[in-house]
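Here is the structure we will look at, set down as structure tokens.
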Amino acid sequence: DAGITQSPRHKVTETGTPVTLRCHQTENHRYMYWYRQDPGHGLRLIHYSYGVKDTDKGEVSDGYSVSRSKTEDFLLTLESATSSQTSVYFCATVGGSYGYTFGSGTRLTVV
Amino acid sequence: RKEVEQDPGPFNVPEGATVAFNCTYSNSASQSFFWYRQDCRKEPKLLMSVYSSGNEDGRFTAQLNRASQYISLLIRDSKLSDSATYLCAPGLLGGGSQGNLIFGKGTKLSVKP
């Protein structure tokens with residue numbers, strides 16, 4: 001769906017540096033989500049938002065923070081990246097039939 | 001018991017075969033259910049919502065068994081293009097707008113010529 005975009009698509013960063021991933025949606029959805037996907041673990045919820053400035057933690061929130069200052073943007077920040085945060089990160093909003101619509105993902109490598 | 005369990009596969013089937021996947025969930029409060037398809041190195045895409053009465057979309061049929069807490073996906077007349085990983089996702093409360101989906105790790109399907 002063209003209604004949700006993630007940036008960057010790929011990023012390589014060094015251990016200890018801060019990293020911010022961006023999710024942008026054009027559908028005016030209230031709910032937005034950040035997941036990470038790793039082999040053997042599947043999709044795991046990091047944080048989610050239920051409105052501007054309203055966010056909550058998911059299953060694997062340690063080491064991550066989020067912000068939502070506008071309906072259309074949901075930012076995920078790794079305060080000090082570690083190798084264990086190497087992953088594929090997906091943003092999602094509520095799509096048709098109340099199922100989620102995912103962005104194309106960000107492949108993050110922490111070296 | 002894990003929240004959502006799926007057989008990881010791979011299920012290797014010939015074209016034209018019928019294949020079925022099951023997914024069990026532990027939270028009896030789950031009210032909404034979905035099947036997603038994920039191609040290699042791509043994002044998951046919604047395949048079907050699963051209704052209590054079961055639902056069908058072309059070659060795909062989804063069923064829900066609340067008593068036994070599992071959902072199933074049946075694919076008839078498999079095509080090469082059906083090769084992908086299939087994720088199940090039960091959710092709480094009223095669905096995606098209120099409840100967060102919990103995803104299974106997925107079942108990999110490979111359809112061979």
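A few points about this structure:
- Label reach from B:S81 (point 7 Å along Cα→C-beta): in segment B:45-62, amide nitrogens under 18 Å belong to B:45-48, B:57-61.
- Ranked for footprinting exposure by Cβ neighbours inside 10 Å, fewest first, A:F102, A:F74 give A:F102, A:F74.
- Residues A:T71 and B:A29, FRET efficiency given R0 of 41 Å [Cβ-Cβ distance, rounded to 0.05]: 0.90
- Across peptide B:101-112, the average count of Cβ atoms from other chains found within 10 Å of a residue's Cβ is 3.
- Percent of alpha-carbon pairs separated by more than 14 Å within segment A:42-111: 63
- Rounded to the nearest 20 debye, dipole of chain A from Cβ charges on Lys, Arg, Asp, Glu: 120
- Isotropically averaged projected area of chain B, using the convex hull of Cα atoms (one quarter of hull area), nm²: 6.8
- With both labels modelled 7 Å from their Cα along Cα-to-Cβ, the B:E3 to A:K53 distance reads 2.9 nm.
- Cβ-Cβ distance of A:H10 and B:S52, R₀ of 30 Å, FRET efficiency by 1/(1 + (r/R0)^6): the value works out to about 0.10.
- Quotient of C-alpha Rg and 2.2 N^0.38 Å, computed over segment A:1-89: 1.05
- Chain B, relative contact order in percent, only Cα pairs under 8 angstrom and at least six apart counted: 37
- A Förster radius of 22 Å, combined with the Cβ-Cβ distance separating A:S83 from B:R41, puts the computed FRET efficiency at roughly 0.60.
- Each 10 Å bin from zero up to the one holding the largest Cα-Cα distance in the protein assembly as shown carries the following percent of pairs: 8, 33, 34, 19, 5, 0.
- Per residue, the average separation of C-alpha pairs within less than 8 Å and at least 6 apart gives chain A a relative contact order of 35 percent.
- Within the protein assembly as shown, DSSP assigns beta bridges of which about 90% are antiparallel (rounded to the nearest 5).
- Check: the protein assembly as shown dipole with +1 on Lys, Arg Cβ and -1 on Asp, Glu Cβ, in debye: 180
- Counting only Cβ charges, +1 for Lys and Arg and -1 for Asp and Glu, the dipole size of chain B around its Cα centre is about 200 debye.
FYI, it's all coordinate maths here, none of it is from the lab. Please read all numbers here as calculations on a predicted model, not as lab measurements. Positions of Cβ are generated from backbone atoms using ideal geometry, with glycine treated the same way; all protein chains shown enter the neighbour counts.
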